[in-house]
Amino acid sequence: MSEYGRCGGPRFAQLDDDYTVWAVHCRAQLIKEKVWSAVVTDRFASGSDSKGNLVADPWDIMNESALATIQRSVKLVHLHSVTAVSTAKDACDARKDIFEARDSAGLLQLMHELSNLKKDGDDNIIKYTSRAKGLRQELAMLGNQVNENTLVLQILSGIHAE
């Protein structure tokens, strides 16, 4: 069975929202194609032969192949960030930076929501604590563990005297 689909692209889901999964699949594909070293090496352009003609060296060829695979593996919304660069390494770094920034912003937003969590008048205690636990789980998915004591203190601080 071919490793490529009908459009000649890699057989893993295009990058959408889950950067971590995409990065693992993309790395595996690039290793399989034997072009991963173009991503982990910081090397640029080729030299020229004795007549002054530009000659493509093996790294340039690997870089072009790796960059093409990366460009085919992202959805249209992410395409600009991987076509505005000239190396596979820069394309991977650009995607990583964008998703890390987005995750940091999301992390700050969730931390703010948890610290400002208040029990609404129509909430019962179960619904209120479920919201707090949900925020805790989302924070954990972004790598920020909220311990049990902190969660309890946040829950208690959001309950106003009735």
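The values are calculated or read from the model by the stated rules, or taken from the named source; none is laboratory data. Every value quoted in this text rests on a predicted model; they were computed, and no experiment measured them. When we count neighbours, we look across all protein chains shown, and the Cβ atoms used for this are built from the backbone with ideal geometry, even at glycine.
Filtering the stretch 10-40 to residues that are over 18 Å from Phe99 (Cβ atoms) and among the charged types (D, E, K, R) leaves Arg11, Lys32, Glu33, Lys34.
For the stretch 66-85, the set of residues classified as surrounded by fewer than 20 Cβ atoms within 10 Å (Cβ to Cβ), farther than 15 Å from Val35 by Cβ and touching a helix residue (DSSP H, G or I) at 6+ places or on another chain (Cβ under 8 Å) consists of Leu79, Ser81, Thr83, Ala84, Val85, listed by residue number.
I'd like the full set of residues that are surrounded by 17 or more Cβ atoms within 10 Å (Cβ to Cβ) and modelled with pLDDT of 80 or more, limited to the stretch 15-24. Tyr19, Trp22 - these are the residues of the stretch 15-24 that are surrounded by 17 or more Cβ atoms within 10 Å (Cβ to Cβ) and modelled with pLDDT of 80 or more.
Of all the numbered requirements in (1) surrounded by 11 or more Cβ atoms within 10 Å (Cβ to Cβ); (2) at positive phi, Asp123 misses one, and that requirement is (2).
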